[in-house]
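Worksheet: the structure to be examined is printed underneath.
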Amino acid sequence: MLRVESIYKSFDDFMAVNGACLTVERGALVAVIGPNGAGKTTLFNLITGLHKPDRGKIIFEGQEIGGLAPYEICRRGVARAFQIANIFPRLSVFENVQVAVFARQRQSHNLFQPAQKLARAETDAILQSTGLESQARRVAGALSHGDQRILEIAIALGSQPHLLILDEPTAGMSPEETAKTMNLVQQLARARGITILFCEHDMDIVFSVAQSIMVMRHGETIIQATPDEVRQNHQVQEAYLGGADA
Amino acid sequence: MSAENEKTVYESACIRENPRSKNEIVMYGVMLPKHMPIKLAAPRWLWLTLALLLALLLLPLAAPLFYIYIISVIFVTALLAMSLNLVLGYGGVYQFHHAVFYGVGAYTATLLITELAMPAWLAFAAGPVVAAFTGLLIGWFCVRLTKLYFGMLQIALGSLVWVIAYRWYDVTGGDNGIHDIPMPEFLMSFQGAYYFILIITVVCVALMYLILNSPFGATLQAIRDNPERCEAIGVNVRQHQLIGIVIASFFGGVAGVLFVALERSVFPGLLFWVLSLEILVMCLLGGWFTFAGPILGAAIVVALRTVASRYTDYWTTILGIVLILLIFFLPEGVMGWARERFKPRASKADQGGVS
Ligand SMILES: Nc1ncnc2c1ncn2[C@@H]1O[C@H](COP(=O)(O)OP(=O)(O)O)[C@@H](O)[C@H]1O
Ligand SMILES: [Mg+2]
């Protein structure tokens, strides 16, 4: 479904992503791991069009998407939740999701119909499945940190993605919130067949949830394999799991 | 869940009619009634607005001419300020030289009447269209920049338009402007002009209310809050901002035409940057996160200007002082302050959307 072929991105002279490779099969749950600054977020930014790659290819569903504008990539079926809650703070929780639904329905140019009557069922369903329905009318900026991160995912679901990219979905969450969020993620993958690509610091979560793990370091891909193979890999053990970041 | 089941849910992508019941939708594994109770946008202020409208309709029967004139000026100015706020407060677009579109609307209508002897109605209709087109042209360059750079470029491009009006003596009358523009019979009286302006203003304000409550309006507010995220959910941000600018320019042009209908004259001051600053102050003063704020701001500024001009020539200085006081004491404007001060329940402030 998604194939990233030796992709490069530098900021000034610093190579943030240095020939990373990644394959995501349809329906899979794929994790990217690596120490802070390994280039995981930058890789996601490249896939979703926030940055343009210097070199390399990004093929999604058979088409090259590298260098397209973010909104074009989203329309092809890649949605993304950000590492730092990136919501619409002055809109209500409901409107946060509704705006994404409007965009997907190509309704955002609709000038004269009242927004309140449109896209309600779909928006409500997303809020229910993410457990945000009781907060629907609150201003999004007033939500707790954990709920903002969930809303982050809910907004991405409004795009009805084929591939959902989650950047450290549980960062800064309490253990209960973390469990809830990972349940949600697995539910999305299993019940709805959404392909999920995520990165995560908690190794227990990664090894219990992911079907395939890509290990990154200094912008390079060390290995992409099943959790068992990654555990066995000497290079990974030396470079990462056995090191200070384990 | 079985593999087969997974596939159906995935392929149906989202909405699937439940064959058993026509009134339910299965979505994301959740059952929902098909017809959700819809809370209408019943404006809380509906009755107050209607009462106010009635009072305004009856006003010319009782009020002295001077007040009819001043209130007409307030309508025109309020429409201008609201058109700016459509992109400023709701779109987060730094439209720093909005007066240009007001001026273009006014000059277009005037020149079509004086130079081409067009019927007034046609000229009035052309004003906003040409203003919107100017908005498209200037906006096309500006949306390529962000925030302050956007505003600076707009001031630069807008000043070019001002120079044309100011320098092209043969056509625009230069700094003298054009006066005693011929008008249809019933606009020659203050009462006639008053009703004309009242009706057009009310129609335009209603249209802007509709637009701000539409999916486009919601998207515009989302762009204001977080343009980066809007791109990520599939919104072409520049295109939406450009459409917003064109709409705002159109209504700004309507205000320009109404000015001509009231004053029967035009002059370069209509598209000078000082006026742009003035309407910016109106939006900030009234409360630029509220729908009606700019009306209030326009009323206050027009009243202040009318009173001040009796005693002093330093109107711009007063405006500057108002701006400074505003920044320090009422950062969310009068309406924002009132909402904070008098909010009925704590949860009220929690409700988003256009109020
Ligand atoms: N926009 C940017 N400009 C300059 N440097 C950046 C930018 N984004 C990321 N970097 C740098 O690239 C490196 C990789 O960052 P990032 O992709 O965020 O790592 P990770 O998400 O794996 O922690 C970091 O050293 C960071 O400082
Ligand atoms: Mg990161």
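The values are calculated or read from the model by the stated rules, or taken from the named source; none is laboratory data. Note that the structure is predicted; figures quoted are calculated from it, not measured. With ideal geometry, Cβ positions are generated from the backbone for all residues, glycine too; neighbour counts draw on all protein chains shown. Calculation scope for accessible area: heavy atoms of the full protein, side chains included, ligands and nucleic acids excluded. Shrake-Rupley method; radii C 1.70, N 1.55, O 1.52, S 1.80 Å.
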**Asked** Given the Cα atoms of chain A, and with Rh set as the inverse mean 1/r over their pairs in the Kirkwood sense, what is Rg to Rh to two decimals?
**Response** 0.98
**Complete:** Losing no less than 30 Å² of accessible area (probe 1.4 Å) relative to the isolated chain, the residues of region B:224-267 are B:Asp225, B:Asn226, B:Glu228, B:Arg229, B:Glu231, B:Ala232, B:Ile233, B:Gly234, B:Asn236, B:His240
**Item:** For region A:161-175, 3J(HN,Hα) per residue [Karplus equation, 6.51 cos²θ - 1.76 cosθ + 1.60, θ = phi - 60°, Hz, x = Gly/Pro]
**Value:** x, 7, 10, 10, 9, 10, 9, 6, x, 10, 4, x, 9, 6, x
**Estimated [θ] at 222 nm from DSSP helical runs (n ≥ 4, -39500 (n - 2.57)) normalised by residues in the protein assembly as shown, nearest 500** = -17000 deg cm²/dmol
**Message:** Before we go on, tell me the buried accessible area for the B/A pair, both chains summed, 1.4 Å probe, in Å² to the nearest 100.
**Reply:** 4700 Å²
**Request:** Return the Cα extents of the protein assembly as shown along principal axes one, two and three, sorted largest first, each rounded to a whole Å.
**Result:** 90, 58, 44
**Asked** Based on the alpha carbon coordinates of region A:85-160, what radius of gyration and maximum Cα-Cα distance (Dmax) apply, in Å?
**Response** 11.5, 36
**Request:** Identify the chymotrypsin sites (Phe, Trp or Tyr not before Pro) of region B:145-187 meeting these criteria: DSSP loop state and at most 12 other C-beta atoms within 10 Å of the C-beta.
**Result:** B:Trp168
**Prompt:** Given a Förster distance of 30 angstrom, what is the FRET efficiency for A:Gln237 paired with A:Asp12, based on the Cβ-Cβ distance and rounded to 0.05?
**Reply:** 0.35
**Prompt:** Tell me, which residues of region A:86-107 get at least 50 Å² less accessible area when the other protein chains come in, versus the chain alone (1.4 Å probe)?
**Reply:** A:Asn86, A:Phe88, A:Arg90, A:Leu91, A:Val99
**Prompt:** trypsin sites (Lys or Arg not before Pro) within region B:139-230: which are DSSP loop residues with at most 14 other Cβ atoms inside 10 Å?
**Reply:** B:Arg144
**Fill in**
Whole-Hz Karplus couplings 3J(HN,Hα) for region B:118-126, θ = phi - 60° and coefficients 6.51, -1.76, 1.60, Gly and Pro as x, run 5, x, 4, 4, 5, 4, 4, 6, 6
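How much of the accessible area of the protein assembly as shown, probe 1.4 Å, is carbon plus sulfur, in whole percent?
61 percent
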**Complete:** Each residue of B:280-289 has, on average, a number of other protein chain C-beta atoms within 10 Å of its C-beta equal to 0
**Request:** Please work out the average accessible area per residue across region A:85-160, using the 1.4 Å probe convention, and give it in Å².
**Result:** 32 Å²
**Prompt:** In region A:163-195, which residues give up 20 Å² or more of accessible area once the other protein chains are added, compared with their chain alone (1.4 Å probe)?
**Reply:** A:Arg190, A:Ala191, A:Arg192, A:Gly193
**Complete:** Simple spin-label estimate for B:Val171/A:Asp54, 7 Å along Cα→Cβ, in nm, reads 5.2 nm
**All aspartates and glutamates inside 16 Å of B:Lys147 as judged from Cα atoms, apart from same-chain residues fewer than 8 positions distant** = B:Asp225, B:Glu228
**Request:** Please get the size of the charge dipole for region A:85-160, origin at its Cα centre, with Cβ charges of +1 on Lys and Arg and -1 on Asp and Glu, quoted in debye to the nearest 20.
**Result:** 200 debye
